[in-house]
Amino acid sequence: MCLSNISSDDVGELDKTKIEQYGEQLLDWVADKVFDIVIALVFLVIGFKVCKFIVKVIKKSFAKTGMEDSVEGFLVSVIKGILYTIVVIMAASIVGFQVTSLVAILGTASLSIGLALQGSLANFAGGVLILLMKPFKVGDYIIENDKNCEGTVVAIDIFYTKLKTYDNKIIVIPNGNITANSLVNVTAEASRKLDIAVNVSYDSDIKLVKDTLQEIIETSPYYDKTKEMNVFVDSFQESAIKMGLRCFVKTEEYWQAKWEIMERIKLEFDKKGIAIPFNQMEVTLKSNS
């Protein structure tokens with residue numbers, strides 16, 4: 001029979017026959033698998049309840065660690081999705097579906113996606129580590145040693161960390177770079193050591209110099225009197241004696257303390273006649289006569 005001679009009624013009858021055949025095959029399959037289907041449904045109900053219980057326990061453990069809400073929500077969603085997927089696959093295997101091929105396909109797809117998103121996954125993993133381990137937090141001043149970027153942390157996202165520099169610029173650093181390299185958290189502690197060096201002339205009275213420096217520190221409003229202070233001769237330079245002083249100040253007052261003490265050193269040295277040597281050049285002019 002030629003295709004041109006097939007009417008629309010004949011096509012409708014063929015489609016109806018196929019649908020009926022598929023329906024009968026489905027009913028036969030269901031009849032054969034009734035017991036397995038019931039077992040699979042029971043397994044799904046119990047499995048989903050077990051998954052909810054596990055997720056609840058994980059949430060409580062995350063809450064005890066003080067994890068960030070964004071990281072906690074993301075990790076809980078991922079764990080929940082994995083658990084539910086495992087339950088569904090196991091239920092499908094009970095009914096008789098061949099899940100080996102499906103698992104292989106999912107594994108291959110996951111590997112391909114992972115290779116394509118290596119950089120993003122590294123940044124994501126870095127963000128999770130930062131939020132979990134907390135090497136720094138928003139408000140800390142850090143120095144990233146790879147590119148020597150430094151500034152105050154203003155935001156910690158899943159993929160990037162944002163720093164604000166002293167001149168009000170924003171630096172965006174991938175989290176993968178931060179976790180792969182060392183960094184300095186300048187404001188991690190409540191107090192910070194202030195280390196200042198100053199040169200004095202060899203003609204200076206060393207005892208007077210030390211007493212003057214010690215007095216400057218002790219009368220400074222920034223000096224933390226609960227911690228030790230050191231004033232000492234650091235080294236002998238070619239044209240000067242290098243003096244050193246060390247004391248602790250509050251971290252947030254570090255720069256104000258340094259500027260105030262440096263200014264007072266110059267004023268007090270001038271007042272007491274202590275010379276601070278500096279390089280000088282002598283120029284001699286010769287006439288032809």
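Just so you know, all these numbers are worked out from the coordinates, no wet-lab data involved. All of these numbers come straight from a predicted model, not from anything done at the bench. Here the Cβ positions follow ideal geometry from the backbone for every residue, glycine too, while neighbour counts run over all protein chains shown.
Using the Cβ atoms and a cut-off under 12 Å, what net charge is assigned to the surroundings of Tyr141, where Lys and Arg are +1 and Asp and Glu are -1? Local charge sum for Tyr141: -2.
Rounded to the nearest 0.05, what FRET efficiency is calculated for Ile143 and Lys227 with R0 set to 22 Å and r the Cβ-Cβ distance?
It comes to 0.40.
Residues within the reach of a label modelled at Asp203 (point 7 angstrom out along Cα to beta-carbon, backbone nitrogen below 16 Å), restricted to region 231-248, are 239-241.
With a threshold of 29 Å on the Cα-Cα distance, the over-threshold entries among Lys164/Lys266; Lys162/Lys242; Lys147/Lys258 are Lys164/Lys266; Lys162/Lys242. With a cut-off of 11 Å between beta carbons, the residues surrounding Gly273 carry a summed charge of -2, where Lys and Arg count +1 and Asp and Glu -1. Placing pseudo-labels 7 Å out from each Cα toward the beta carbon at Phe236 and Lys250 gives an inter-label distance of 4.3 nm.
A simple spin-label model places pseudo-atoms 7 Å from Cα toward Cβ; at Ile39 and Ile54 they are separated by 2.1 nm. The dipole here belongs to region 208-289: it is taken about the Cα centre, uses +1 on the Cβ of Lys and Arg and -1 on the Cβ of Asp and Glu, and is about 140 debye. Under 12 Å from a label point set 7 Å out along the Cα-to-Cβ vector of Val184, the amide N atoms of region 141-175 belong to 142-146, 148-151. Dividing the mean sequence gap of close Cα pairs (under 8 Å, 6+ apart) by how many residues region 191-272 holds gives a relative contact order of 41 percent. The dipole here belongs to region 184-229: it is taken about the Cα centre, uses +1 on the Cβ of Lys and Arg and -1 on the Cβ of Asp and Glu, and is about 180 debye. The loop-placed trypsin sites (Lys or Arg not before Pro) in region 173-242, going by DSSP, that have at most 11 neighbouring Cβ atoms within 10 Å of their Cβ come out as Lys225. Placing +1 on the Cβ of every Lys and Arg and -1 on the Cβ of every Asp and Glu, with nothing else charged, gives region 140-184 a dipole about its Cα centre of roughly 100 debye.
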